[in-house]
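Trainee: I have a structure here, written as structure tokens, and I will follow up with some questions on it.
The values are calculated or read from the model by the stated rules, or taken from the named source; none is laboratory data. Please read these numbers as outputs of a predicted model, since none were measured by experiment. So basically every Cβ, Gly included, is an ideal-geometry build from the backbone, and we count neighbours across all protein chains shown. Calculation scope for accessible area: heavy atoms of the full protein, side chains included, ligands and nucleic acids excluded. Shrake-Rupley method; radii C 1.70, N 1.55, O 1.52, S 1.80 Å.
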Amino acid sequence: MKIHFMPFKANADRRHKFAKAKYKVTNWSKYNESLRRRGDVTVWIEESAAKAWFAPENQRRGRPAKFSELAIETCLQIRVVFGLALRQTQGFVRSVFHLMELVLPVPDFSTLSRRADGLKLSKPKPRTNSEPVALVIDSTGVKIFGAGEWQETKHGTRIKRRTWRKIHLGLDLNTGEIVCSELTEDTVADPTVVPDLLDQVEGPVATFLGDGAYDGFTTRQEIAKRYDGVEIIIPPPKTAIPGPQAATAPTARDRDILAIQKNGRMSWQKQTGYGRRSRGETLMGRFKQVIGTTLRSRKLNNQRTEAKLGVAVLNTMTALGRAAFEKVSA
């Protein structure tokens, strides 16, 4: 039996010879305050939401909507931030309005569930950074409603209901902001989601980083077609070979393959800055730790709304303040 190790694990048995770099946070005061503000209700329920709480009048037939989309979004965002069920969300918002001395009705749980299907979320604030986006894309699985692995392990029951969804996130390395996101079924391949993710990115992209799952002519062509001069950093597989025109007119992928063949994969990763992609993996861990590993909604459209709200929550937390680091030892 052959065991294949990832390239970065090749020297794991000798890694103890190299001292691990140490960093320290240089803005503890501001960062601590930003962490405290994440639990401040006024961050999540603004006075502007109360002013636009009711839906505008429309001329369509049928019963008009009572609550605006902003009202539904505010309640569902509170649900995501504090990990509440729909009924508890109604009670929480109602108590906050009472403390704010606002005489406003609050959507009940069935209204929140029904309106979450296809809810149009408010547009994010425009980017304040004028730099081109340094985009890293990754995906991870999140659980949904189902029996779970415990029932299958304990009783040998085969789980018929799909118990996973796949969330795709795109992070701007310059600002720490999530600039694109998509929730799909777990059978959807990562490269097929790239066009939908790029549609959400505002402004030019200078760098695109992704793992080997995104390697392929279609993905590279899609990225190069959208952004002039973009640097695409995607590792080709171990079995990749240069194209027929590599000697005279090599593509970017050909140059990566030739560089790996000549100097090794570790050297290529260091030269291209591929290690920055680890921040995409860190983002996935942050999403699961802060937002959760399980989606509460049961319908796919509601789950997509829930995932989008989770992204908006993380971006709001990032805007409140980020930790600044400096290296103290090699």
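Trainee: So in region 34-58, with the set limited to residues that are more than 17 Å from GLN77 (Cα to Cα) and within 24 Å of the chain's Cα centre (by Cα), which one is least open to solvent (accessible area, probe 1.4 Å)?
Mentor: So, considering only residues that are more than 17 Å from GLN77 (Cα to Cα) and within 24 Å of the chain's Cα centre (by Cα), the one least open to solvent (accessible area, probe 1.4 Å) is SER34.
Trainee: Oh, and also: Cβ-Cβ under 6 Å, sequence separation 6+ or interchain: first residue in region 285-308 and part of a loop (DSSP other than H, G, I, E, B), partner of a type in the set (D, E, K, R) and surrounded by 17 or more Cβ atoms within 10 Å (Cβ to Cβ). Which pairs?
Mentor: Hits for this filter: LEU295/GLU306; SER297/GLU306.
Residue by residue, here is whether (1) among the β-branched types (Val, Ile, Thr); (2) exposed (fewer than 15 other Cβ atoms within 10 Å of the Cβ); (3) at pLDDT 90 or above; (4) within 21 Å of LEU173 (Cβ to Cβ) holds:
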| residue | (1), (2), (3), (4) |
| --- | --- |
| GLY229 | no, yes, yes, yes |
| PRO236 | no, no, yes, no |
| ALA240 | no, no, no, no |
| GLY243 | no, yes, no, no |
| ALA249 | no, yes, no, no |
| SER278 | no, yes, yes, yes |
| LEU283 | no, no, yes, yes |
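Trainee: Hey, GLU222 hits all of (1) part of a helix (DSSP H, G or I); (2) crowded, with 18+ Cβ neighbours inside 10 Å but one; which does it fall short on?
Mentor: (2)
Trainee: Do any residues in region 243-260 that are over 20 Å from THR207 (Cα atoms) have Cβ atoms under 8 Å from those of residues that are open to solvent by less than 50 Å² (accessible area, probe 1.4 Å), where the two are at least six apart or on different chains, and which pairs are they?
Mentor: Within 8 Å, the pairs are GLY243/PRO250; GLY243/ASP254; GLN245/ASP254; ALA246/ASP254; ALA246/ILE257; LEU258/PRO242; LEU258/ALA246; LEU258/PRO250.
Trainee: Quick one: what pairs do we get from region 16-40, first residue modelled with pLDDT of 90 or more, second assigned to a helix (DSSP H, G or I), C-beta under 7 Å, 6+ apart or different chains?
Mentor: SER34/LEU320; ARG37/VAL43; ARG37/LEU320; ARG38/MET317; ARG38/LEU320
Trainee: How do the pairs read when you match residues in region 185-198 that are hydroxyl-bearing (Ser, Thr, Tyr) with residues anywhere that are outside any helix (DSSP H, G or I) and open to solvent by 50 Å² or more (accessible area, probe 1.4 Å), using Cβ under 9 Å and keeping only pairs 6 or more apart or on different chains?
Mentor: THR187/ARG162
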